[in-house]
Amino acid sequence: MKSIPRETDFIVVGAGVAGLRAAIELAEAGRVLVLAKRELSESATQYAQGGIAVALSDEDDIGLHLQDTLDAGDGLCNPEAARILVEEGPERIQELIDWGTAFDRHGTKLTFTREGAHSRSRVLHAHGDSTGREIGRALYSKARTLSNITFSDFEFSTDLSLHDEHVAGIELIDQSGGTHHASASAVLLATGGIGQVYSETTNPPIATGDGVAMAFRAGAEISDMEFVQFHPTALYVRNAPRFLISEALRGERAQLRNMEMLRFMPKYHEMAELAPRDVVARAIVHEMEIIPARDPVVYLDLTHLSAERIKSRFPRIYDTCMKYNIDITTDMIPIRPAAHYAMGGVRTDLQGKTNLPGLFAAGEVAATGVHGANRLASNSLLEGVVFGARAGAAMRESLRAAKDRTRSNCITPAPI
Ligand SMILES: Cc1cc2nc3c(=O)[nH]c(=O)nc-3n(C[C@H](O)[C@H](O)[C@H](O)COP(=O)(O)OP(=O)(O)OC[C@H]3O[C@@H](n4cnc5c(N)ncnc54)[C@H](O)[C@@H]3O)c2cc1C
């Protein structure tokens with residue numbers, strides 16, 4: 001039976017993109033315990049398909065990425081958080097490449113695709129439509145080289161523990177149902193989203209909002225929970241999970257058709273299928289309402305693309321749809337919107353600090369205000385690396401400051 005340390009310097013709850021990136025940042029400052037409630041490989045990060053947005057192509061610049069992020073956020077972004085995201089993004093992506101992330105390339109040049117509400121092609125992808133899995137793989141491999149990091153899977157964190165109003169550790173249930181306590185100088189919540197609160201969601205079963213609940217019970221501020229993004233295009237097969245059909249298909253000119261096979265997006269928005277997600281999701285719901293059907297859906301049509309291109313660009317989507325006898329090279333894909341991403345969560349500053357001393361949050365569980373009311377496609381993996389690194393740096397600093405305080409309290413005044 002494995003045993004986890006009862007006492008460590010830092011606890012990171014979550015092994016998705018945000019938790020892994022933070023752990024790497026923390027490893028030089030002390031012992032880091034990274035926990036996951038199921039297998040380490042089970043996170044939203046692993047399912048992210050379309051890619052990671054970054055202003056690195058020749059036709060792009062940081063100002064344009066910022067403007068698209070602010071526009072998609074419907075005037076409710078924290079502009080400073082959005083500026084940090086786009087400005088620090090390129091450096092974090094270079095780091096991912098240095099750590100072995102194999103983004104897709106034409107020859108030696110990175111290939112960028114376009115997604116909804118982006119004014120430029122700026123979305124990097126890996127293995128076609130397995131970007132999150134590849135980023136997670138590279139971060140995990142990097143973290144495994146750092147001896148200060150300990151991983152433990154199937155450890156379900158249930159609550160934060162407080163000492164003198166300072167978060168001082170967590171309560172856990174292990175696989176056998178036993179309860180434990182682990183203490184640390186600082187705790188990072190990187191527990192991901194809340195999608196499973198909804199009956200129709202693209203999120204994996206781990207996305208049950210545990211981090212928000214734990215933080216709330218401990219007295220942390222929660223904000224913007226009303227902003228939940230519904231992804232316009234989740235595969236609709238009755239009684240099957242709502243597998244995501246990436247926006248990148250629309251970036252490759254896939255069209256939406258209603259039950260009468262008519263294309264409808266141009267009448268809702270000038271960017272048509274590439275309008276912001278909230279606009280597309282609302283348009284689909286409207287079309288499902290005005291054409292009566294027992295099981296309403298709309299269709300995504302990419303049959304104009306060559307079969308070869310579809311299979312090489314979207315291998316995971318192709319294989320998954322085939323399991324339901326939908327051949328996306330010849331058939332239209334039945335889709336419906338589904339709950340996808342929580343813009344709100346545990347309120348933090350731009351360093352991932354919450355209002356509770358010792359408690360930090362990063363990634364989807366956090367609310368920095370970076371996405372406003374509506375996240376720009378492919379900005380959340382970027383958020384994970386940018387704000388995961390920032391939270392890690394702030395936790396390092398908090399430990400250093402605590403050690404300095406202890407040292408200065410121990411200095412004996414010189415005899416007069
Ligand atoms: C199908 C799908 C496709 C997506 N595609 C994209 C995309 O192309 N581009 C993009 O930018 N974003 C995409 N997203 C969104 C993006 O993947 C997520 O927002 C991001 O990966 C969240 O990362 P995270 O590190 O915050 O959390 P996650 O990756 O979800 O990791 C959460 C971790 O917390 C752990 N955990 C949770 N609760 C507990 C608990 N109580 N105790 C212990 N551990 C716990 C889990 O075990 C897991 O390790 C997609 C999301 C989905 C669902």
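The values are calculated or read from the model by the stated rules, or taken from the named source; none is laboratory data. Nothing here was measured: the structure is a model prediction, and the numbers come from that model. Neighbour counts run over all protein chains shown; Cβ positions are idealised from the backbone, glycine included. With ligands, DNA and RNA removed, areas are computed over all heavy atoms of the protein, side chains included. Shrake-Rupley method; radii C 1.70, N 1.55, O 1.52, S 1.80 Å.
With the convex hull drawn over the C-alpha atoms of segment 230-339, the volume per residue is 95 Å³.
In this structure the amide hydrogen of ALA186, modeled in the peptide plane, comes within under 5 Å of the amide hydrogens of ILE11, none closer than 5 places in sequence on its chain. Residues with beta-carbon under 14 Å from that of ALA373, excluding ALA373: net charge, scoring Lys, Arg +1 and Asp, Glu -1? My count for the surroundings of ALA373 gives -2. Please work out the FRET efficiency for the pair GLN94 and ASP71, using the Cβ-Cβ distance as r and a Förster radius of 25 Å; give the result to the nearest 0.05. FRET efficiency, GLN94 to ASP71: 0.40.
With the chain treated as a Gaussian network of Cα nodes joined by springs under 10 Å, which of ALA401, ALA307, ALA218 yields the largest mean-square fluctuation? Result: ALA401 has the largest fluctuation of those listed. In the chain, helical runs assigned H by DSSP with n ≥ 4 each contribute -39500 (n - 2.57); averaged across all residues and rounded to the nearest 500, the mean residue ellipticity at 222 nm is -10000 deg cm²/dmol.
Per 0.36 nm of contour for each residue apart, how much would the distance between ASP331 and PHE154 grow if the chain were fully extended, relative to their Cα-Cα spacing?
Gain on extension, ASP331 to PHE154, equals 59.7 nm.
Candidate cross-link partners of LYS37 among the lysines, defined by an alpha-carbon separation under 19 Å and a same-chain spacing of 8 or more, comprise LYS2.
Ordering HIS118, MET265, LEU96 by Cα displacement along the dipole of the chain toward the positive end leaves LEU96 in first place; charges were set at the Cβ atoms of Lys, Arg (+1) and Asp, Glu (-1). Excluding ligands, DNA and RNA, the accessible surface per residue across segment 17-169 is 41 Å² with a 1.4 Å probe.
Give me the percent of accessible area attributable to carbon and sulfur for segment 230-339, probe 1.4 angstrom. Roughly 52 percent, rounded to a whole number. Beta bridges per DSSP, both residues in the chain: antiparallel share near 65 percent. Averaged over its residues, segment 230-339 has an accessible area of 46 Å² per residue, based on protein heavy atoms and a 1.4 Å probe.
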